[in-house]
Amino acid sequence: MNYILYDGAAHQSLLPLTFTKPVAHLRVGILTLREKWEKLLGSATSTLTQDYLKAKFPLIKSEDNIMIDASVIPTETLVKKIKNLNPGQVLFKNKVAIAYHTKNPENPFDFNAYKPLEILDDLWQINHVWDLFRLNDFAIKLDFELLTKGKHSQPIPETVHCINKTQIFLEAGAKVEIAVLNASDGPIYLGKDSEIMEGCLVRGPFALGEHSVLKMGAKIYGATSIGPYCKIGGEVNNAIFSGYSNKAHDGFIGNSVIGEWCNLGADTNNSNLKNNYANVKLWDYESEKFKDTGLQFCGLIMGDHSKCGINTMFNTGTLVGVSANIFGGNFPRNFIPSFSWGGSAGFTTYQLNKVFEVAEKVMSRRAIEFNNQDKSILKHVFEITSKYRNF
């Protein structure tokens, strides 16, 4: 069977994180959505996504295809039902398709053309950017079970003080010394060749990705996920760093999602609670206005390739687009469009040639090529987001 993860309506509601990637490449828990699906399906997947992303994330078709909404967090029960779909059947919840069996994956989906099978079980879905950190506790626990089943952790050094040690797992090459790991409220997972330096205090649920590092004295509260090749210091609470991003120094980041190839300067802080304790509103690309998240705690959402200078302060519910460069004192606005350059004193446009120059340097440090496909994607995002840059 050929499995295809499609973006669906979530691609728009998950901007700016999905400006540069399909929904399937978002991280929640330990793994990305694609990694979860592929492990549970026991099969590779491809993607049906936006036209400008297709060169980098191509679609693979066959005679029999099962289309799956990439925004859904998979479980063993759900995957079993999807695998049992027959041609012409659709699995749905609340009148919304979750998966369907088709010979024509690129044809527009017509619910009435399929035999409907309703899901009566609970369903977890990433419908908004804030759902990523909101559901991260659940997702880490699910992934921890999936990744550690039938395996044994590497030995934990005697210098490490552990609470609920059976819920702490170290992959091959993971290093930790003179730290406190408290897995009372959820598991702690250290990926391959990751490192927790001396003096770190960690409460689960927590995931540290492959080759990522917690700097000395870091204070981490669950539910927090650090993707691969990150360097994280200071205080972090219920946040996701997607991968290849750094917050290497002191400062607080909470109830937030940070994209890939981002860098937060020393003493960067975000507010995650309004002074009047009201629900937080966040910029929404679908309605092109601020939307009530229904959450009392909501911090910073930052798109790929964005960066901020030292002592940057982000207000409650700040959304930063792709390839923004933020610096200076005081609070910048709480919606910072893609390719913005500046801060509270005002913004200008961060020109593409400079964006490409920095991206090439940053990615080469991880031995990853900034290629023509990446340039084409950023160029397209630059064009479609120009209407927000009224500087």
Next on the checklist: Can you list the strands (runs of 3 or more DSSP E) lying wholly within region 204-298 that have 2 or more residues being within 30 Å of K192 (Cβ to Cβ)?
Outcome noted: 206-208, 219-221, 224-226, 235-243, 252-260
Checklist outcome for this item: When region 213-227 is checked residue by residue, the ones that are touching a Gly at 6+ places or on another chain (Cβ under 7 Å) and buried (at least 21 other Cβ atoms within 10 Å of the Cβ) are A218, G222, A223, S225, I226, G227
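Conditions tested, residue by residue: (1) over 28 Å from T148 (Cα atoms); (2) touching a residue at least 60 places away in the same chain (Cβ under 8 Å); (3) in contact with a His (Cβ under 7 Å, 6 or more places away or on another chain).
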site: A10; (1), (2), (3): yes, yes, no
site: A24; (1), (2), (3): no, no, no
site: V28; (1), (2), (3): no, yes, no
site: L31; (1), (2), (3): no, yes, no
Checklist entry - Of (1) surrounded by 14 or more Cβ atoms within 10 Å (Cβ to Cβ); (2) free of Cβ contacts under 8 Å to residues at least 24 places away in the same chain, N371 satisfies all except one. Which? => result (1)
Next on the checklist: Among the residues of region 309-356, what is the count of those that are touching a strand residue (DSSP E or B) at 6+ places or on another chain (Cβ under 9 Å), part of a strand (DSSP E or B) and within 15 Å of F391 (Cα to Cα)?
Outcome noted: 11
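Every residue in region 189-245 that is within 13 Å of I140 (Cβ to Cβ) and either of a type in the set (A, V, I, L, M) or modelled with pLDDT under 95 (or both), please. Walk me through how you get there before you give the answer.
Just the residues of region 189-245 that are within 13 Å of I140 (Cβ to Cβ), to begin with: 189-191, 202-209, 220-227, 238-240.
Once the filter is applied, which keeps residues that are within 13 Å of I140 (Cβ to Cβ) and either of a type in the set (A, V, I, L, M) or modelled with pLDDT under 95 (or both), region 189-245 yields L190, V202, A207, L208, I220, G222, A223, I226, A239, I240.
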Checklist entry - Is it true that A55 is hydrophobic (A, V, I, L, M, F, W, C), more than 13 Å from L5 (Cβ to Cβ) and surrounded by fewer than 19 Cβ atoms within 10 Å (Cβ to Cβ)? => result yes
Next on the checklist: For the structure I just gave you, tell me whether N127 is closer than 20 Å to N238 by Cα and surrounded by fewer than 18 Cβ atoms within 10 Å (Cβ to Cβ).
Outcome noted: yes
Checklist entry - Across region 320-348, what is the number of residues that are touching a residue at least 40 places away in the same chain (Cβ under 8 Å), closer than 24 Å to A278 by Cβ and buried (at least 24 other Cβ atoms within 10 Å of the Cβ)? => result 1
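The values are calculated or read from the model by the stated rules, or taken from the named source; none is laboratory data. Here the structure is a predicted model, which is why all the values come from computation and not from measurement. Positions of Cβ are backbone-derived with ideal geometry, glycine not excepted, and every protein chain shown enters the neighbour counts.
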